[in-house]
1. Among the residues of the stretch 1-21, write down those that are at pLDDT 90 or above and open to solvent by less than 100 Å² (accessible area, probe 1.4 Å).
2. Just checking, which of Trp52, Trp30 is open to solvent by 80 Å² or more (accessible area, probe 1.4 Å), modelled with pLDDT under 95 and assigned to a helix (DSSP H, G or I)?
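The values are calculated or read from the model by the stated rules, or taken from the named source; none is laboratory data. Keep in mind it's a predicted model, so treat the numbers as computed, not measured. Each accessible area value is taken on the protein alone, full model and side chains, heavy atoms only, with ligands, DNA and RNA left out. Shrake-Rupley method; radii C 1.70, N 1.55, O 1.52, S 1.80 Å.
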Amino acid sequence: MDENDPLWYDYAEPDEAPGLWLHALAGVFWVLASSIAVARHVYGVPDRVWQWSAGWIARRIATRIRRF
């Protein structure tokens, strides 16, 4: 490999592929991150339901719609 060659990176050899431990660590991280995302979504569900129902009630009261 010549240091004066502007395309020296074309001649560089590829790095070694990730090992089993790195793949396992990435899998654990993916499961943990996904679990946190699901937990955040589930944690916010009661608040979203409450906001929706309060808005629905407020709209019904504001428009005085009565259903039998």
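1. Of everything in the stretch 1-21, just one residue is at pLDDT 90 or above and open to solvent by less than 100 Å² (accessible area, probe 1.4 Å), namely Gly19.
2. None of the others qualify; the one that does is Trp52.
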